[in-house]
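Some notes on the structure that comes next.
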Amino acid sequence: MDEHLFRHESGRLVAVLTGQFGIRHLPQVEDAVQDAFTRALEVWPFRGTPDNQGAWLYTTARRRLVDTLRRDRTARLYAEGSSAFMATEPKVSLPQTDVPLQEHEIQDELLRMMFTCCHPRLPEESQVSLVLNVLCGFSAAEVAASFVMGLSAAEKRITRAKHALAEEPSLFNLQSPEEFGRRLPQVHKALYLLFNGGYHGSSPVSPVRADVCREAMRLTALLLQHPLGRVPASYALGGLMCLTAARIPGKVGGDGQLRRLAEQDRSLWDKELIRDGMGLLTDAAATEEVTAYHLEAGIAAHHAVSPDWESTDWKAILGLYNQLLQMRPSPVIAFNRAIAVAQAEGPAEGLKAIESIQDKDRLVRYPYYFTGLGDLNRRLGRMEVARGHFLKACDLVESPAEKQFLLERVRECSP
Amino acid sequence: MTEFTLLYRGGDLRRHSPEEIQKIYQKWAAWFEDLKKKNALVAIGHPLEKETLIVQSDKSVSDGPFAEAKDVVGGYSIVSADSLKAAAELAKGCPILERGGSVEVRPNMPLNV
């Protein structure tokens, strides 16, 4: 049985049933799917898992949904009086077919739902939360645990986003290449944010949420299955995710301790994911187009093929950061570039590069800024200064693993 | 070895996330598998719907008593063990216990002498 069968089926069922019954019935669809899962939990231990789990769940959920909608209709009919009811009820005929959809139809429904969730009217964090909740089957509590978000904040965010969606007349239209192309960058962005949220462990408890990263990768693969989704940016995004996710086994040591890129045991990196990532990068290079995802993926590729931090091609990485900074001027990217400068040209040059960052005051809540400053100063022998920076970084990180790591650095700089 | 009926009651009705449901299901599957391996599972039994009718001695039929959720029998299984105590030991592995439920253990009466 799929290790995350119910999570995966949740997204599929909600997408398919919402497609059949309409986005305004999303709450009833979700309840029906929940009921089907509860039913499975009650029955499957006794009968064994059905051969076709998806079909069993689909049939059960659909029956529940039809019963609920009929009951709701009847209740409103009596409450409002039949003529009033007929006047307000939109012309909807309950879909006749009870046959489970073909796999490629299900993939299309999932994609439709994904594009619907990435609505530009919704704040980006809401799009990401919605995708994780509706498409990936994460409860509000699990969404909250994945990012830095309280439970009630996550619930509110998701509920508000669903209300906004319910006001749309229909799900996104995948058939229109113009609309698809217009919404695609937003979908890319949401998937990118989803992956980053999992990789950089914005959760206080776990420095990496590998399951969230895997979901982002799964959805990007879904996107690449659709002819309109097969654009260079999608391949680059997929490649970036694979090459980054490959490092996860090295990022968190067996002791739960966080390891920086410079110190990771690269033999732990996932070779298959590196291979997949390189393959996707090749596909991404099929045209002349270079997006920010291409550049970030290129940087990740250099790390992936280097046996260690020292022998990495820092000049090449610096070149990529120079391009990335032009495309996406931001203090965080400028800072990452400065680290590459320090590697290619020495810590003194790196510190100069940091000094010259515009808007570097925007980095004061970014812990890696202080970690980087701490490192460079330490390498130049300025222990007191370095210590101060590491302490500041320690204040800013949430997870116990990261705090522990930084306290180690503080100790190293103490007399 | 005697046979015993296990009656499952309660278990929390809180809304579970898909991932939680998966974990609970895997626990049930593992528990029944374990009983099978021990040759202790006589019949896996059946889950029961919550709807109830009660036929009284005067042949009147009424809805089930409005029992508390924790008292409603949700299903049954039949196991074999050397003693009632041993059967109860087996029942300790039932996942329903983690969810606030309980298992009643009763010896099946032998039908021969």
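Observations, loosely collected:
- Screening B:R106, B:R99 for residues that are surrounded by 14 or more Cβ atoms within 10 Å (Cβ to Cβ) and charged (D, E, K, R) leaves exactly one candidate, B:R99.
- The set of residues from segment A:374-387 being assigned to a helix (DSSP H, G or I) and either open to solvent by 30 Å² or more (accessible area, probe 1.4 Å) or in contact (Cβ under 8 Å) with a residue 60 or more places away in the chain (or both) comprises A:R378, A:R379, A:M383, A:E384, A:V385, A:R387.
- Helices (runs of 4 or more DSSP H) contained entirely in segment A:28-123, each with at least 1 residues that are modelled with pLDDT of 95 or more: A:53-80, A:103-117
- When segment B:64-91 is filtered for residues that are in contact (Cβ under 8 Å) with a residue 40 or more places away in the chain and assigned to a loop (DSSP other than H, G, I, E, B), the ones remaining, listed by number, are B:V72, B:D82, B:S83.
- Some residue of segment A:306-324 being modelled with pLDDT of 95 or more, farther than 22 Å from A:L191 by Cα and among the basic types (K, R): yes
- Selection status of A:S139, among the polar types (S, T, N, Q), surrounded by 14 or more Cβ atoms within 10 Å (Cβ to Cβ) and within 14 Å of chain B (Cβ to nearest Cβ): yes
- Total residues in segment A:29-38 satisfying the condition of being facing chain B (nearest Cβ under 8 Å) and either in contact (Cβ under 8 Å) with a residue 60 or more places away in the chain or of a type outside the set (A, V, I, L, M, F, W, C) (or both): the figure is 2.
- Of the strands (runs of 3 or more DSSP E) lying entirely inside segment B:1-60, those containing at least 2 residues that are within 12 Å of chain A (Cβ to nearest Cβ), at pLDDT 95 or above and open to solvent by less than 50 Å² (accessible area, probe 1.4 Å) are B:41-47.
- B:G100 vs. criteria touching a residue at least 24 places away in the same chain (Cβ under 8 Å), at positive phi and out of contact with any strand residue (DSSP E or B) (no Cβ under 9 Å at 6 or more places or on another chain): yes
- You will find that of A:Y192, A:Y199, the residue that is within 23 Å of A:A297 (Cβ to Cβ) and modelled with pLDDT of 95 or more is A:Y192 and no other.
- Annotation for segment A:355-365: at least one member residue is farther than 30 Å from A:F147 by Cβ and out of contact with any strand residue (DSSP E or B) (no Cβ under 6 Å at 6 or more places or on another chain).
- Every residue from segment A:4-21 that is more than 10 Å from chain B (Cβ to nearest Cβ), more than 15 Å from A:M114 (Cα to Cα) and not aromatic (F, W, Y): A:Q20
- Candidates A:L26, A:L41, filtered to the one that is within 13 Å of chain B (Cβ to nearest Cβ), buried (at least 19 other Cβ atoms within 10 Å of the Cβ) and aliphatic (A, V, I, L, M): A:L41
- Test: residue in segment A:62-75 that is over 21 Å from B:R14 (Cβ atoms) and within 14 Å of chain B (Cβ to nearest Cβ): no
The values are calculated or read from the model by the stated rules, or taken from the named source; none is laboratory data. Quantities reported herein were computed from a predicted structural model and do not represent experimental measurements. Quick reminder, even Gly has a Cβ in these numbers, built from the backbone with ideal geometry, and neighbours come from all protein chains shown. In case anyone asks, the SASA skips ligands and DNA or RNA and just uses the protein heavy atoms, side chains included. Shrake-Rupley method; radii C 1.70, N 1.55, O 1.52, S 1.80 Å.
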